[in-house]
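Coordinate-derived values only; no laboratory data. Quantities reported herein were computed from a predicted structural model and do not represent experimental measurements. In this analysis, Cβ positions are derived from the backbone assuming ideal geometry, glycine residues included, and neighbour counts consider all displayed protein chains.
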Amino acid sequence: MQRRMAVLTLLALMFPTPAAAQQRSRPGQGRQPEFPPPSITDYKPRSTLVVPVHLVPRAKYPVIDIHGHPPALLSNDVIDRVGRAMDALNLQVMVNANGSSGDRLTSQLAAVRASRYKDRFVIFTTLDLRNVGPGSGAKIAAQLEADVKAGAVGVGEIMKGFGLYNRKADGTRLKLDDPELDPVWETAARLKIPVFIHVGDPSEFFQPLDYQNERWLELALYPNRRYQDRSRFPSFEELMAERDRLLARHPNTIWVLAHLGWHANDLARLGRMFDSLPNLYSEVGAVLYDLGRQPRNAQRFFIKYQDRLLFGKDSFQPDEYPYYWRVFETDDEYFDYYRDYHAFWKLYGLALPDSVLKKVYYANALKIIPGLPRSGFPK
Ligand SMILES: [Zn+2]
C-alpha cells in the first residue's frame, strides 16, 4: 500500500499539470512510420468494434421533410418515382424547397394535384433577390403574395447566395438586413407563412485551408466552398451578425434557419437564439455529422428545444435518410456517416424520446406551415 502511495506521489510530480505533461517526451515520440503514411483519402480502417446494430430503414413516425430538393415535379413519372421512395422511408410529406415562382410553381402544383401523391408534396416559392434597388422590396413582396395565392405554402429555400454573392443594383453586396427587403419579410408575417433561409456555410469554410481545418477534405474538393478571400466574402461572424439583426427586426415573421443555422457544432449558441426569438425554428439538413458526434449534448438540446426543431434532409438521396432515422431513434454507437468529406469521424445515436421524435418529424412543421396536408399523421 505504501509503495502504491509512493508511486502515486511520483506520478503527481511527473505530471503536475496537463500542460507540463504535454511537454514531457513520450515513449515512441519522434519515431517515424516505417512505411509511407497513407493519405487521408486512402486510410479507411476497418472497425473491429462489436456493438449492437439497429438499422432504421423506415422512420418510426411519418415525417415531413421541410428541406426537400426533389427533381422538378412536372411529370407523373418523376412524382411517382419520388413518391415511392418516400413511401419506403415513411416520408409523409416533402416540401419542395427548390423555390418555385410564377409558371414554374403553378405547373408543378398542377402536376402534383393530378397525381396519386397529391397529399404528399407542397411547394415553397422563391424570391428574386438579384439587382435589388429602390422599389425592389415592394415588387418582390407582390410576387410573393401572388405565389401564395397560387398555392405556395412558404418561402424558400432562400439560398446562401443571399449574403455571400448577391449584388445590389449599385454593385455592393446585398446585406441580409438590407431595409429595402423589409416589406418582403413583413408580407410573409402577414400571410403567416414561414421563411426558410440558408445563410452562409460551415464556419470552417471561412477559415484558412490548413491541416487544422476539420473540413480540409471538403474544401480541397470544392473550390466554390472556399470563402477565405475577404475582398469577396464577408467573414462568418459578419454574416451571422447580419442574419441576427434581420431576425430581430422581424419578430412576427416565422423564420426557419436551414442547417441548424450552421451552429450544430455549438448548439448552445443556437439555443440562445431560440431563447430570444420565439418565432425562430431550425432544421437539421446536412449537419447530421455534428449531432452524431455529441449524442448526449445533442439529446439534451433536442429535448430542451423540442418545439423549435424540424426535420429536413437537403439533397434528395433516398438511401441517406435512414442515417438520420438511426441517429435520432437509436442509441447505436460508432457507426459510419454517408459522406466522408463532411466528417472523418463516426456517429452515435441520440435515442430521442418518442414525444420529441413526433415533434421533430412532423408536429412542429404542421404547426408553422398552415398549408400542409393534415392527413396521415397520428392524432
Ligand atoms: Zn437546400
Checklist outcome for this item: Restricting to Cα pairs under 8 Å and 6 or more apart, the percent relative contact order of segment 46-107 works out to 43 percent
Checklist outcome for this item: With 0.36 nm assigned to each residue of separation and the Cα-Cα distance removed, S375 to N213 gains 53.8 nm
Item to check | Potential extension, E238-Q32 segment - 0.36 nm per residue separation minus Cα distance | outcome: 69.9 nm
Checklist outcome for this item: With Cα springs under 10 Å, the Gaussian network model of the chain assigns the largest mean-square fluctuation among R269, R46, R190 to R46
Checklist outcome for this item: With a Förster distance of 25 angstrom and the Cβ-Cβ distance between A268 and A72, calculated FRET efficiency to the nearest 0.05 equals 0.05
Next on the checklist: Let me spell out the model: positive unit charges on the Cβ of Lys and Arg, negative unit charges on the Cβ of Asp and Glu, origin at the Cα centre of segment 70-150. What dipole size does that give, in debye rounded to 20?
Outcome noted: 60 debye
Item to check | Size of electric dipole in the chain: Cβ of Lys, Arg +1 and of Asp, Glu -1, about Cα centre, debye, nearest 20 | outcome: 740 debye
Checklist entry - Considering lysine pairs in segment 226-379 that are 8 or more places apart or on different chains, how many have Cα atoms under 24 Å apart? => result 14
Item to check | Selected from M159, A85, Y324, residue furthest toward positive end of dipole (the chain; charges at beta carbon) | outcome: Y324
Checklist entry - Once both labels are modelled 7 Å past Cα along the beta-carbon direction, what's the V50-A138 spacing in nm? => result 7.4 nm
Checklist outcome for this item: Among beta bridges assigned by DSSP with both residues in the chain, the antiparallel ones amount in percent, to the nearest 5, to 10 percent
Checklist entry - What order do you get for D65, D307, D177, D275 when you list them from fewest to most C-beta neighbours inside 10 Å? => result D275, D307, D177, D65
Checklist entry - Who wins for biggest fluctuation among S75, S47, S25 in a Gaussian network model of the chain, springs between alpha carbons below 10 Å? => result S25
Checklist entry - Once the Cβ-Cβ distance between D307 and D119 is put in as r, and R0 is 22 Å, what FRET efficiency do you end up with, to the nearest 0.05? => result 0.30
Next on the checklist: Under a crude label model (7 Å from the Cα following the beta-carbon direction), how far is L366 from D340 in nanometres?
Outcome noted: 4.2 nm
Checklist entry - Expressed in nm to one decimal, what extension gain is obtained for the pair N252 and T106 from 0.36 nm per residue of sequence separation less their Cα-Cα distance? => result 49.8 nm
Next on the checklist: Quick test of the membrane-span-like rule: which DSSP H helices of the chain reach at least 15 Å along their long axis (C-alpha atoms) with mean Kyte hydropathy at least 0.0?
Outcome noted: 2-14, 136-150
Item to check | Neighbour cut-off at most 15 other Cβ (10 Å), DSSP loop, chymotrypsin sites (Phe, Trp or Tyr not before Pro), segment 243-320 | outcome: none
